[in-house]
Amino acid sequence: DSCIQFTRHASDVLLNLNRLRSRDVLTDVTILVNRQPFRAHKTVLMACSGLFYSIFTDSLKCNLNAISLDPKVDPDGFAILLGFMYTSRLSLRESSIVAVMNTAVYLQMDHVVDTCHRFIQSSDRS
Amino acid sequence: QGVTTIKEMGRSIHEIPRQD
């Protein structure tokens, strides 16, 4: 009994999904953040965010092709988190970290919230 | 009996180009 584990497979799939997003191929939803549109794949959004999981598992909402987020959500913070969903890389800058963390709380991305919190704490100490 | 796993470090699928 043996198997071959392709160790890059998850990241290769994610890279291709991000290419599909950038080319708007099979994207199936527009997320509006303060009227700024972001195209994405519902499956990726719901795999990464508790909020989107709740929305797209709701039979009344799962077929929506446009969703407006709370107007308090920062579009730049959302853009950073959407990039993270498709790359596994989270851009952390002092200027944007609070917006990213607040947006991650809203999107129910708990591990990202914890990471932002630790980053802020370590910045405060240094 | 243990399972033997061989790790393949190379690309696992084709790469979708940025643009056609």
#### Entry: So A:ARG39, is it more than 24 Å from B:GLU8 (Cβ to Cβ), surrounded by 12 or more Cβ atoms within 10 Å (Cβ to Cβ), at pLDDT 95 or above and of a type in the set (Lys, Arg)
yes
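Condition check ((1) more than 30 Å from B:GLU8 (Cα to Cα); (2) outside any helix (DSSP H, G or I); (3) within 14 Å of chain B (Cβ to nearest Cβ); (4) within 13 Å of the chain's Cα centre (by Cα)) across all residues:
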site	(1), (2), (3), (4)
A:SER11	no, no, yes, no
A:LEU14	no, no, yes, yes
A:ARG21	no, no, yes, yes
A:LEU26	no, yes, yes, no
A:LEU45	no, no, no, yes
A:SER54	yes, no, no, no
A:SER59	yes, yes, no, no
### Query
For A:THR57, are the conditions met, namely being among the polar types (S, T, N, Q), surrounded by fewer than 15 Cβ atoms within 10 Å (Cβ to Cβ) and farther than 30 Å from A:SER123 by Cα?
yes
## Note on the structure
Residue pairs within 9 Å by beta carbon, gap of at least six or interchain, first lying in region A:40-59 and in contact (Cβ under 8 Å) with a residue 60 or more places away in the chain, second of a type in the set (S, T, N, Q), listed first then second, are A:SER49/A:GLN108; A:GLY50/A:GLN108
### Task
Kindly check whether there is at least one residue in region A:88-99 that is closer than 27 Å to A:ASN16 by Cα and basic (Lys, Arg).
yes
### Query
Which of the residues spanning region A:27-66 are among the small types (Gly, Ala, Ser) and under 17 Å from A:TYR106 (Cβ atoms)?
A:ALA40, A:SER49, A:GLY50, A:SER54
### Task
With the condition kept exactly as written, say whether any residue in region A:62-81 is closer than 24 Å to A:ARG8 by Cα, modelled with pLDDT of 95 or more and surrounded by 15 or more Cβ atoms within 10 Å (Cβ to Cβ).
yes
### Query
Which one of A:ARG19, A:ARG118, A:ARG93 is surrounded by 15 or more Cβ atoms within 10 Å (Cβ to Cβ) and among the basic types (Lys, Arg)?
A:ARG19
### Message
Being more than 23 Å from A:VAL105 (Cα to Cα) and either surrounded by 18 or more Cβ atoms within 10 Å (Cβ to Cβ) or in contact with a Ser or Thr (Cβ under 8 Å, 6 or more places away or on another chain) (or both) narrows it down to one residue among A:ASP24, A:ASP1; which is it?
### Response
A:ASP1
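The values are calculated or read from the model by the stated rules, or taken from the named source; none is laboratory data. Owing to the predicted nature of the structure, the values given are computational and were not obtained by experimental measurement. Note that each Cβ is placed from the backbone with ideal geometry, even for glycine, and that neighbours are counted across all protein chains shown.
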